[in-house]
Amino acid sequence: MSTTGHPTFCKVNLSYREAGLTRRTRVLDWKVAVQIYSCQLNVSIDKRAFTRCAIMSSTPSDELHTLPSAAPFDSIEKTDLVVRSSDGVHFFVVKAFLIYHSEFFANLLKDSVPQEQHKGLPMFNASEDSHTMRMVLKLCYPLGMAEDDIGDIMGCAAVRSALRKYMMEDGEARYIAAVSSAGYRRLMKTDPLRCYVLGRSMRLDELARAAAKETLRLPFHDRKAFKELALIDALDYQRLLDYFRSCGEVVTTQLSTLSLSPYLTAMDPKFKVIASGSSHCHSCPERVTAYRIDGGSYVHAWVMDAIKASHGMVREWRSAGFLDDECWDRILAGALKSCSSQTPEGVRVVLNAINFEIDRLVSQVQLQLD
């Protein structure tokens, strides 16, 4: 059936006649039609009615696919080159900046300019989308790129690939620094697994290692799949799994009252975690037996319970030994109940010491990367 008889097409055609446009047929995807014409002519295009439509317009064909760019690439004034992205966005640029920062453009524009034109300026057709090209071009300009310009940092691999294609070593270095900063700020604490994926997909080993260490504090067994995992291969994920397992083994074999003794003996005596010269705490109602650490000193049984809880976190893949909020609450309640001499502050100091010692132990384990 011809689209010219469709009610929606008639509405589009009528709006064009009202706008004073002459008849000329041009076929566009409905998405492009919506993006270009709905805003300009207040035309409503129904996606369900048809997926392609014939649009009557006197606008030249290259104008139909023109989508606006944002500053500083939105004005033709004082520019001498147009870069067109794969999704139809036109960037008005000063080619001297591109030549200075990109060997690719220096070679391309050295002796000639592209034959194709847009609004009287030579036009280079890029194979990258508008987001990628905007990042590339901003890295060519004096003001450069801010961290907030990055947008979705999980799409950064495409930008880095483009920077290599356009032979922009300095721009790539500055971009990597910005991405690393964004990864630390946005993902490191809230979503370290995604941050690890970002680091591996961008081959930023320092970021990947830091993110891998943060994943040790989170459960491994109930992690859900997310689309960005496709950016790394199975080997990178297995490396993370092996790292988690190795760290857990170090914690279960080396975390003990003996390894904690430097922290415990340095604590303020007012917390009364340590009793010297006796295996019993005289403040406990039932004279609970304490555990010896070294030099004739003893700690309460709840300290040993905290160490056992850490080992349990490893066995259950809830973390690489780090105590979570649930463990803290349970141990704190048990310590205060078992001994009247204990204070919440003193218990928290011990639990912090345990997590600090775990951090020291896992720091000795190296994440194996290529």
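The values are calculated or read from the model by the stated rules, or taken from the named source; none is laboratory data. The model shown is predicted, which means the values in this text are computed figures rather than measured ones. In this analysis, Cβ positions are derived from the backbone assuming ideal geometry, glycine residues included, and neighbour counts consider all displayed protein chains. Surface accessibility is based on the protein's heavy atoms, side chains included, excluding ligands, DNA and RNA. Shrake-Rupley method; radii C 1.70, N 1.55, O 1.52, S 1.80 Å.
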Using a 1.4 Å probe, how large is the accessible area of Leu323, given in Å² and rounded to the nearest 10? 20 Å²
Given a 1.4 Å probe and every protein chain left where it sits, what share in percent of the accessible area of segment 162-201 is carbon and sulfur? 56 percent
Count the net charge of all other residues whose Cβ sits under 12 Å from the Cβ of Phe244, scoring Lys and Arg as +1 and Asp and Glu as -1. +3
Heavy-atom accessible area ranking, 1.4 Å probe, most first, across Thr343, Thr215: Thr343, Thr215
In sequence order, what are the phi-derived ³J(HN,Hα) couplings for segment 330-338 according to the Karplus relation 6.51 cos²θ - 1.76 cosθ + 1.60 with θ = phi - 60°, rounded to whole Hz, with x for glycine and proline? 5, 5, 4, 4, x, 5, 5, 6, 7
In what sequence, highest mean first, do 85-95, 257-267, 224-234 appear when ranked by Cβ atoms within 10 angstrom? 85-95, 257-267, 224-234
How big is the accessible area of Met145 in square angstrom, nearest 10, if you roll a 1.4 angstrom probe over the protein chains? 40 Å²
For segment 295-370, what is the accessible area per residue in Å² when the probe is 1.4 Å? 45 Å²
Sorted by chain and number, the residues with a modelled amide H under 5 Å from that of His118, at a separation of 5 or more or across chains, are Met123
Considering Cα pairs under 8 angstrom that are at least six residues apart, work out the relative contact order of segment 62-155 and quote it in whole percent. 26 percent
Over all distinct Cα pairs, what is the inverse of the mean 1/r for segment 164-268, reported as the Kirkwood hydrodynamic radius in Å? 15.9 Å
Note: Ser161 to Leu369 extended length (0.36 nm per residue) minus current alpha-carbon separation gives 72.8 nm
For the pair Glu326 and Lys227, what calculated FRET efficiency results from E = 1/(1 + (r/R0)^6), where r is the Cβ-Cβ distance and R0 = 22 Å, to the nearest 0.05? 0.15
Given a Förster distance of 45 Å, report the FRET efficiency between Asp152 and Lys270 from their Cβ-Cβ distance, rounded to the nearest 0.05. 0.30
Can you give me the % of accessible surface on segment 92-133 that is carbon or sulfur? Probe 1.4 Å, all protein chains present, nothing else counted. 51 percent
Pulled fully out, how much extra length does the chain show between Leu235 and Lys189, if you take 0.36 nm times their separation in residues and subtract their Cα-Cα distance? 14.2 nm
At what distance in angstrom do the alpha carbon centres of segment 178-250 and segment 305-370 lie from each other? 22 Å
Computed FRET value (nearest 0.05) for Ile76 with Ser112, which takes r as the C-beta separation and R₀ as 22 Å: 0.55
On a 1.4 Å probe surface of the protein chains, which of Val314, Val251 comes out largest in accessible area, and what is the full order? Val314, Val251
How far is it, in nm, from the label point at Phe97 to the one at Asp129 when both lie 7 Å from their Cα along the line to the Cβ? 2.3 nm
Let me check something: with ligands and nucleic acids excluded, how do Ser319, Ser256, Ser112 order by accessible area (1.4 Å probe), largest to smallest? Ser112, Ser256, Ser319
